[in-house]
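Below is one structure, written out as structure tokens; the observations come after it.
Please treat every number below as a calculation from the coordinates, not as lab data. What you see is a predicted model, and the numbers here were worked out from it, not measured in a lab. Every residue, glycine as well, gets a Cβ built from its backbone with ideal geometry; the counts of neighbours run over all protein chains shown.
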Amino acid sequence: MPATPTAIQSVAVNLGPRSYTVQVGSGILAGIGEAVTAKMGGRKSCAVITDSNVAPLYADTVLQSLREVGIAAHLITVPAGEASKSLLCAQTVCGEMVRAGLDRKSFVVALGGGVIGDLGGFCASIFQRGIPYMQVPTTVLSQVDSSVGGKTGVNLPDAKNMVGAFHQPLHVVADVATLDSLHKREWNEGFAEIIKHACIRDASMLDAIDAVADGAGDVAELIRRNIAIKAAIVEADEYETLGLRALLNFGHTLGHAVEAAAGYGVLLHGEAISLGLRAALWLSVKHAGLPKADAARILALLQKFDLPTRLPDGFDTAELLRITRMDKKFETGKIRFVLLPNLGDAYVSSDLTEHDLVAAVDEIRK
């Protein structure tokens, strides 16, 4: 049974002509048709891109809502998992869109987690040289992070998110009722990004995260607060040219390398980022003056969500560094690494060396 709709909380992402609204609520999936008619300017055909896990749960609700308002909605389902975030899968999806008769007056609905949001947004950005899309995130991770900000893309075998485009959605619907269907591991991984947001922007949120970890607290309000943090940073630095949006990469430099080295899908994204957060916290204590007690507080919170804080055996340091060098956060061969002098305060440093990264990897092996 669909959840009873609750009051919708809205977060505006103010980007001039590319502005949009993120709607947060419970049981609001069935209202997507109305949202489309308000946002898509009379477009009457779309592709609903989803995966094999999400389709049986929510595709019928979304398709019915779209068809009730006269939208010809075509379902495209890809295999669940990070392996679908690839150029080959994007080619397959675009081919299905062509065969369904979609054109430049169509749009995309990306229904699922971060993989689907990134893949669906990327396909929208390249199909017929760009068509609009709507994000409908169904995981904690995608609701608080990847659905907002317009970063779309796919992975290469050795490098995450290396092929992509900035393509802002026209609208985002974050139905927190969909989070009830997550396995515990998928629920937990999203809190790596929530904890990251608290680290870089709002340390007062740590108490709210603690409350949710203890089975209390308002999940919808916590989701909304995180979306507001992401929106404010994106508004200030949409294309990551000023250094502010780069703060969102706290924990991601080594985290992405660990995720790629493990083989995409072995570690969930949030699990790899948790390991990257531990490395970044250690480097922040060593190079930015972060109090050890603050670093310990964050590690304890990660552990509350059963997120890994020790690098598993089998990772080669040289391989991690090789992957890190290919990361977009390297510029002209220099490491750009986000550090914390205090919780809630972050900056991008260009002073770290590969020796520092090696020491951080050694630290998270302990």
Segment 101-250: Cα Rg divided by the 2.2 N^0.38 Å rule of thumb
1.06
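Once Rh is set to the Kirkwood radius over Cα pairs, what Stokes-Einstein translational diffusion coefficient, in µm²/s, holds for segment 152-235 at a temperature of 37 °C and a viscosity of 0.692 mPa s?
Value of D from the Cα-based Kirkwood radius: 222 µm²/s.
Count neighbours as other Cβ atoms within 10 Å of each site's Cβ, and list the GluC sites (Glu not before Pro) in segment 250-338 that are DSSP loop with at most 14 such neighbours.
On the way: sites: 259, 271, 319, 331; in loops: none.
Passing both the DSSP loop test and the Cβ count: no residue.
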Too long at a 32 Å Cα-Cα cut-off: which of 39/230; 184/230; 44/184; 85/286; 44/160?
44/184; 85/286; 44/160
At 222 nm, what helix-only mean residue ellipticity would the chain give, in deg cm²/dmol to the nearest 500, using -39500 (n - 2.57) for each DSSP H run of four or more?
-13000 deg cm²/dmol
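Compute the length gained on full extension between residue 52 and residue 321: take 0.36 nm times their separation in residues and subtract their Cα-Cα distance, giving the result in nm to one decimal.
93.4 nm
Please state the shape class of segment 100-149: rounded when a/c is under 1.5, otherwise prolate if a/b exceeds b/c and oblate if not, all from the C-alpha gyration tensor. Please report the intermediate quantities before stating the final value.
On the way: a/c = 2.79, a/b = 2.26, b/c = 1.23.
Note, shape of segment 100-149 comes out prolate.
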Prolate/oblate/rounded call for segment 247-366, Cα gyration tensor, a/c under 1.5 rounded
oblate
Here the relative contact order (percent) of segment 9-181, from C-alpha pairs under 8 Å and at least 6 apart, is 25
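Please work out the Cα convex hull volume for the chain and give it in Å³ per residue.
On the way: hull volume 45.3 nm³, N = 366.
Expressed per residue, the convex hull around the Cα atoms of the chain is 124 Å³.
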Mean-position separation - Cα centroids, segment 107-161 and segment 26-76, in angstrom
16
Out of every Cα-Cα pair in segment 9-181, what percent are more than 21 Å apart?
39
Just how large is the dipole of segment 184-364 about the Cα centre, in debye to the nearest 20, putting +1 at every Lys and Arg Cβ and -1 at every Asp and Glu Cβ?
120
